[in-house]
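The values are calculated or read from the model by the stated rules, or taken from the named source; none is laboratory data. If you're wondering where the values come from, they're calculated on a predicted model, not measured in any experiment. So basically every Cβ, Gly included, is an ideal-geometry build from the backbone, and we count neighbours across all protein chains shown.
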């Protein structure tokens, strides 16, 4: 994985292909308005049009600290999240939070800059 800008946008060394979309980069976006970070997968569809998928969701919790996001594992997110876990880009923390009729797991994002150290990656 290669960091491609000053923000937290990283190009995947091997794209993730799911149905008609090829995801080639991941981004961790800080949202001061929401008070959390969002994990976004960027790619192109079968027509070559750019697309993005927000993988995480905002849940009010003291567990949602930097580099930790609540990751949606429902519906079409399940395959993408499974691939991110298999590649070691996400790590389960063992914590979950109830949201409506489902429980959403908290995961650590393993590819971002660690703001607490000088090391370039966690």
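With at pLDDT below 90 and within 16 Å of residue 88 (Cα to Cα) as the only criterion, which of 28, 18 stands out?
The match here is 28.
Kindly indicate whether residue 34 is modelled with pLDDT under 90, part of a strand (DSSP E or B), surrounded by fewer than 14 Cβ atoms within 10 Å (Cβ to Cβ) and out of contact with any strand residue (DSSP E or B) (no Cβ under 7 Å at 6 or more places or on another chain).
It is false that residue 34 is modelled with pLDDT under 90, part of a strand (DSSP E or B), surrounded by fewer than 14 Cβ atoms within 10 Å (Cβ to Cβ) and out of contact with any strand residue (DSSP E or B) (no Cβ under 7 Å at 6 or more places or on another chain).
Out of curiosity, is residue 53 in contact (Cβ under 8 Å) with a residue 24 or more places away in the chain, touching a helix residue (DSSP H, G or I) at 6+ places or on another chain (Cβ under 8 Å) and within 12 Å of residue 23 (Cα to Cα)?
yes
Which members of the stretch 20-42 meet the condition of being more than 28 Å from residue 97 (Cβ to Cβ) and in contact (Cβ under 8 Å) with a residue 24 or more places away in the chain?
Matches in the stretch 20-42: 20 only.
Name the residues in the stretch 44-54 that are in contact with a strand residue (DSSP E or B) (Cβ under 7 Å, 6 or more places away or on another chain) and farther than 18 Å from residue 85 by Cα, would you?
44, 45, 50, 51, 52, listed by residue number.
Criterion first (surrounded by 15 or more Cβ atoms within 10 Å (Cβ to Cβ), assigned to a strand (DSSP E or B) and either under 16 Å from the mean Cα position of the chain (by Cα) or at pLDDT below 90 (or both)) does residue 83 satisfy it?
It is false that residue 83 is surrounded by 15 or more Cβ atoms within 10 Å (Cβ to Cβ), assigned to a strand (DSSP E or B) and either under 16 Å from the mean Cα position of the chain (by Cα) or at pLDDT below 90 (or both).
What number of residues within the stretch 56-80 are more than 12 Å from residue 16 (Cα to Cα) and not in a loop (DSSP other than H, G, I, E, B)?
Here the count works out to 8.
Of the residues in the stretch 100-121, how many are surrounded by 16 or more Cβ atoms within 10 Å (Cβ to Cβ) and either modelled with pLDDT under 80 or over 20 Å from residue 88 (Cα atoms) (or both)?
3
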